[in-house]
Structures are given as structure tokens and as C-alpha cells.
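The values are calculated or read from the model by the stated rules, or taken from the named source; none is laboratory data. Since we're looking at a predicted model, the values are computed, not measured. Here the Cβ is made from the backbone with ideal geometry for all residues, glycine too, and neighbour counts use every protein chain on show.
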Amino acid sequence: MSNEARDTIFIGKKPLMAYVTSTLIQLANLPAVSIKARGLSIGRAVDVAQIIARKTENAGYTIGEIKIGSESLESEDGRTRNVSTIEIIVKRNSA
């Protein structure tokens with residue numbers, strides 16, 4: 001497994017706190033972690049980043065760069081759809 005795979009959290013349908021915990025574990029070992037989501041999971045990704053930044057202020061985590069975009073995916077019926085994507089960087093303050 002490469003470094004890039006370990007510093008990325010992909011948001012899906014698990015409970016919100018599972019992603020918060022996973023992100024905090026990665027931040028304990030890495031200076032920054034990327035939270036990625038697409039489609040209906042985007043709101044959950046934003047919630048994860050906000051919980052980490054707001055509830056752990058004393059630990060010194062902040063939200064860094066945010067990238068938004070879209071991907072073209074082929075649906076089961078063969079039609080092409082655009083799906084929104086987001087990537088949120090959560091980083092540890094170097095204080």
C-alpha cells in the first residue's frame with residue numbers, strides 16, 4: 001500500500017464518527033489527511049472535517065485546501081452522469 005492511499009479517507013455510508021475516528025488516527029501519524037467524497041456523501045465529508053476542526057481545537061487541527069469538481073460516470077442503464085466530488089485537507093498545526 002502506498003503512502004497516498006493511507007493519507008486519504010474515502011467517505012461512504014458508515015456512521016459519521018467512524019470516519020472522524022479514522023481521520024484522527026491518521027492525523028496522529030501524518031501531518032495532513034485528505035477527506036474525499038462524491039455525490040450524496042459530500043455533506044458527510046464536510047461534517048467530518050468540521051467535527052475535527054471544531055471539537056478538537058486544543059489538538060490543533062485545521063481545515064486546509066478544499067477542492068471541488070465533478071466526474072463523469074456511466075450509470076447502470078448506460079447513460080453518462082456527472083457526479084460532484086470534494087476533497088478536504090485536514091492538517092495538524094505546526095505549533
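Identify all residues within region 10-33 that are crowded, with 19+ Cβ neighbours inside 10 Å, farther than 17 Å from ILE68 by Cβ and either touching a Lys or Arg at 6+ places or on another chain (Cβ under 7 Å) or not aliphatic (A, V, I, L, M) (or both); write none if there are none.
Of everything in region 10-33, those that are crowded, with 19+ Cβ neighbours inside 10 Å, farther than 17 Å from ILE68 by Cβ and either touching a Lys or Arg at 6+ places or on another chain (Cβ under 7 Å) or not aliphatic (A, V, I, L, M) (or both) turn out to be TYR19, THR23, LEU27.
Can you pull out the strands (runs of 3 or more DSSP E) entirely within region 1-88 that have at least 2 residues that are on the phi > 0 side of the Ramachandran plot and in contact (Cβ under 8 Å) with a residue 60 or more places away in the chain? Give the steps one after another, and end with the answer.
Details: elements: 8-10, 32-38, 61-74.
Qualifying strands (runs of 3 or more DSSP E): none found.
How many residues are over 15 Å from the mean Cα position of the chain (by Cα) and β-branched (Val, Ile, Thr) when one looks only at region 64-81? Quick ask: steps written out before the conclusion?
Taking region 64-81 first, the residues over 15 Å from the mean Cα position of the chain (by Cα) are 70-81.
Subset that is β-branched (Val, Ile, Thr): 80.
The total comes to 1.
Take the conditions in contact with a strand residue (DSSP E or B) (Cβ under 6 Å, 6 or more places away or on another chain) and surrounded by 12 or more Cβ atoms within 10 Å (Cβ to Cβ) and apply them to LYS36. Does it pass? So that I can check it myself, show each step before the final result.
Values: in contact with a strand residue (DSSP E or B) (Cβ under 6 Å, 6 or more places away or on another chain): yes; surrounded by 12 or more Cβ atoms within 10 Å (Cβ to Cβ): yes.
Spelling it out, LYS36 is indeed in contact with a strand residue (DSSP E or B) (Cβ under 6 Å, 6 or more places away or on another chain) and surrounded by 12 or more Cβ atoms within 10 Å (Cβ to Cβ).
Taking region 73-95 as the search range and keeping residues that are among the polar types (S, T, N, Q) and touching a Lys or Arg at 6+ places or on another chain (Cβ under 7 Å), which one is nearest to VAL48 (Cα to Cα)? If you could, list the steps in order and put the result at the bottom.
Restricting attention to region 73-95, the residues satisfying the condition of being among the polar types (S, T, N, Q) are 75, 80, 82, 84-85, 93-94.
If we keep only those that are touching a Lys or Arg at 6+ places or on another chain (Cβ under 7 Å) too, we end up with 75, 84-85.
Values: SER75: 28, SER84: 18, THR85: 15 Å.
Restricting to residues being among the polar types (S, T, N, Q) and touching a Lys or Arg at 6+ places or on another chain (Cβ under 7 Å), the top hit is THR85.
Given the condition of a type outside the set (D, E, K, R), modelled with pLDDT under 90 and loosely packed, with under 13 Cβ neighbours inside 10 Å, answer yes or no: does some residue in region 51-58 qualify?
Yes - at least one qualifying residue is present in region 51-58.
Checking SER84 against (1) touching a helix residue (DSSP H, G or I) at 6+ places or on another chain (Cβ under 8 Å); (2) at pLDDT 95 or above; (3) surrounded by 16 or more Cβ atoms within 10 Å (Cβ to Cβ), only one condition comes out false. Which one?
Condition not satisfied by SER84: (3).
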